[in-house]
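Peer 1: What follows is a single structure, and I will ask about it in a moment.
Here, each number is a calculation from the coordinates, and none is a lab measurement. Quick caveat, the model's predicted, so the values are computed rather than measured. Cβ: placed from backbone, ideal geometry, glycine included. Neighbour counts: every protein chain shown.
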RNA sequence: GGAGGGAUGCGAGAGUGGCCGAAUCGGACGGUCUCGAAAACCGUUGUACCUUCUGGGUACCGUGGGUUCGAAUCCCACUCCCUCCGCCA
């Protein structure tokens, strides 16, 4: 959520920043009015409370001096005042709830440098890479044998089994078998090894409390996107970002420990409720997929550097795999609710002839950390400051898997394993079993 | 799942209805002393919110309710931690 103090101090700036991403200025004004009303009611309730406390002290004094009659008179007075106070407090609390509710769904202020625009068509491509580009080679021409969709490759090599996956969990739950399972495991193992020493590896729980989902911004707005284990009040995480954001929920960190960096590979669960019927084939869009996430709590000054670092790590992995990719600077209209700035990494999958989003590197400013109440104490000794959070996928493995087997498919139908992955996979080539 | 014990400020730990936002000790920070340091002594040391702001007020003693003129203290529910038993990868 955004900073209410900022809204009070400079409403025009907040209105303008949010207008860039299509928020109606009157929504902002409505919130300000609610906030003003809350403060008036709060003040009134607190005054009453103060009087009750004063009377109570007088009761104590009267009893001490043995003046029972006076004490009882004061008690009576205080009792009725207490009723008023209770009511005033409840009223103030009701308004406070409304403010909170509005604040939770109000999007983050976009970074000034995020490009203008209203839809994904306005995203700005900032980088494109393919093998050999450094030596002046043109973009690759893909051979016919690379123009085979991964679901066909997967079937012929016996590494993907969508039919049996559906038997287990319904459609859009892929089943990786044999070398496929091995390759998938290799992808995240390789990636995690690249970040050792800089990002602390974590294996968090994948079922989390409502508080964790709210802190990262996935609730309340995206309830329909999440799988819920209602009986136990738990949610299946849509990304490791959720547990990583809440790891330090409610803590006050020390500035010298920042940036505090973590990486984690977890399964990610998404209902894809809004996209029923779209991209249902193969691995393009699935309900459960493995993803490696990099995450950092940092200061506002450190944030841009961390964004660049995570993005660079994502790009490095794609380059090591020899996959063509591009980086998009998301326009304000395509930015996620919580994000101030986002770079998407898209890998090219020649078999399906599409760019696949495999990473989103986002800077949240203090929007998530305020919800999660993660602050740090500045080295110079001032009061605690709300931290900034940055995260990005490195990478979403199921889609990388698709692009990889399509790109590296050979004329004989086998798939060559990228050099860096050979020791993780245990073979340099995946061939038909027989 | 069963039985018992516990949760208080940075840490340890007192407080069982009325100046308790909280004793005491320790830590940290500042100062006195010293050539310097140690020791000793003195002082400071939570967070959030409201405000008519050199000030005033409110909340917070695991969480949420309740009793009371008044709750860290009494009552109820829940959560987490520890010990033991059962079950289990």
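Peer 1: Viscosity 1.306 mPa s, temperature 10 °C: what is the translational diffusion coefficient of chain A from Stokes-Einstein with a Kirkwood Rh over Cα pairs, rounded to a whole number of µm²/s? Don't skip to the end; give the middle numbers.
Peer 2: Working: Rh = 24.6 Å.
This corresponds to a translational diffusion coefficient of 65 µm²/s.
Peer 1: Tell me, what is the FRET efficiency for residue A:122 and residue A:91 to the nearest 0.05, using R0 = 51 angstrom and their Cβ-Cβ distance as r?
Peer 2: Step by step, r from the Cβ atoms, then E = 0.70.
Peer 1: Take each of the peptides A:384-395, A:219-230, average the number of other beta-carbon atoms within 10 Å over its residues, and list them starting from the highest.
Peer 2: My ranking of the peptides, most packed first, is A:384-395, A:219-230.
Peer 1: If contacts are Cα pairs under 8 angstrom and at least 6 residues apart, what is the relative contact order of chain A in percent?
Peer 2: 20 percent
Peer 1: Pop a pseudo-label 7 angstrom from the Cα along the beta-carbon direction at both residue A:112 and residue A:288 and give the gap in nm to one decimal.
Peer 2: Reported label-point gap for residue A:112 and residue A:288 is 4.7 nm.
Peer 1: Same structure, new question: Going by how many other beta carbons lie within 10 Å of each one, how would you line up A:51, A:211, fewest first?
Peer 2: Lowest to highest Cβ neighbour count: A:211, A:51.
Peer 1: To the nearest whole percent, what portion of all C-alpha pairs in segment A:354-434 is separated by more than 21 angstrom?
Peer 2: The proportion of pairs with Cα distances above 21 Å equals 55 percent.
Peer 1: Follow-up. Can you give the translational diffusion coefficient of segment A:190-269 in µm²/s, computed by Stokes-Einstein from the Kirkwood radius over Cα pairs at 25 °C and 0.890 mPa s? Before the final figure, lay out the partial values.
Peer 2: On the way: Rh = 13.7 Å.
Once the numbers are plugged in, D ends up at 179 µm²/s.
Peer 1: Any idea what diffusion coefficient segment A:4-105 gets from Stokes-Einstein, in µm²/s, Kirkwood Rh on alpha carbon pairs, 20 °C, 1.002 mPa s?
Peer 2: Working: Rh = 16.2 Å.
Rounded to a whole number, D works out at 132 µm²/s.
Peer 1: If we sort A:117-130, A:357-370 on the protection proxy, mean other Cβ atoms within 10 Å, highest first, what's the order?
Peer 2: Answer by packing, highest mean first, reads A:357-370, A:117-130.
Peer 1: Averaging sequence separations of C-alpha pairs under 8 Å and six or more residues apart, then dividing by the length of segment A:203-345, give the relative contact order as a whole percent. Mind dumping the intermediate values first?
Peer 2: Details: 178 pairs, mean separation 29.4, N = 143.
About 21 percent, as a whole number.
Peer 1: What order do you get for A:376, A:142 when you list them from fewest to most C-beta neighbours inside 10 Å?
Peer 2: Result, fewest neighbours first: A:142, A:376.
Peer 1: Oh, and also: Only counting other Cβ atoms within 10 Å, I'd like A:64, A:291 sorted with the fewest neighbours first.
Peer 2: Lowest count first: A:64, A:291.
Peer 1: If R0 is 35 Å, what FRET efficiency do you get for residue A:354 and residue A:412 from their C-beta distance, rounded to 0.05? Present the calculation step by step, with values, prior to reporting the outcome.
Peer 2: Working: r = 25 Å, r/R0 = 0.71.
Result of the calculation: an efficiency of 0.90.
Peer 1: Okay, moving on. Based on alpha-carbon positions alone, could you give the equivalent ellipsoid semi-axes of segment A:125-269 from the gyration tensor, as √(5λ), descending, whole Å?
Peer 2: Taking √(5λ) for each eigenvalue gives 34, 26, 15 Å, largest first.
Peer 1: Report the Rg/Rh value for segment A:47-186, based on alpha-carbon coordinates and the Kirkwood definition of Rh.
Peer 2: Rg/Rh for segment A:47-186 comes to 1.48.
Peer 1: For residue A:422 and residue A:272 in the same chain, what is the full-extension length gain: residue separation times 0.36 nm, less their Cα-Cα distance, in nm? Intermediate results must be reported in sequence, preceding the final value.
Peer 2: Working: separation 150, 0.36 × 150 = 54.00 nm, distance 3.36 nm.
Answer, rounded to one decimal: 50.6 nm.
Peer 1: Let me ask something else about it. Pop the C-beta distance of residue A:163 and residue A:102 into the FRET formula with R0 = 35 Å and round what comes out to the nearest 0.05.
Peer 2: My answer for the efficiency is 0.15.
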